[in-house]
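Working notes for the structure below.
The values are calculated or read from the model by the stated rules, or taken from the named source; none is laboratory data. Bear in mind the structure is a predicted one, so any value in this text is a computation, not a measurement. Note that each Cβ is placed from the backbone with ideal geometry, even for glycine, and that neighbours are counted across all protein chains shown.
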């Protein structure tokens, strides 16, 4: 188990920025998920949005997966605009 704050600090060296609601950094992360086109029941605390066509699509996937955080490669300004609720990028 790791806190979102720790994950962001580790990945920050790779250019990851957190876009989230206040207080999200203290979230406990226990599982990681990746989208699976054959199974819509993907659930995890962190969603690796591999194959997402856009940040908005990645956030939609994260909401369906009940994820606390979604990791997306792309434009951080778009990621900030697309994040809502407890989903961060």
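A few remarks follow.
- Inside region 17-34, residues that are closer than 11 Å to residue 70 by Cα and free of Cβ contacts under 8 Å to residues at least 60 places away in the same chain make up a count of 3.
- Residues in region 4-30 that are surrounded by 10 or more Cβ atoms within 10 Å (Cβ to Cβ) and in a loop (DSSP other than H, G, I, E, B) were compared, and the one that is modelled with the highest pLDDT is 30.
- If the condition is being out of contact with any helix residue (DSSP H, G or I) (no Cβ under 8 Å at 6 or more places or on another chain) and touching a residue at least 60 places away in the same chain (Cβ under 8 Å), then region 35-77 contributes no residue at all.
- Some residue of region 50-58 being in contact with a strand residue (DSSP E or B) (Cβ under 8 Å, 6 or more places away or on another chain) and crowded, with 20+ Cβ neighbours inside 10 Å: yes
- If you go through region 1-16 and keep only what is out of contact with any helix residue (DSSP H, G or I) (no Cβ under 6 Å at 6 or more places or on another chain) and within 12 Å of residue 70 (Cα to Cα), you end up with 7, 8, 16.
- The number of residues in region 74-89 that are outside any helix (DSSP H, G or I) and at pLDDT 50 or above comes to 2.
- Selection from region 57-73 of residues that are more than 9 Å from the chain's Cα centre (by Cα) and in a loop (DSSP other than H, G, I, E, B): 65, 66, 73
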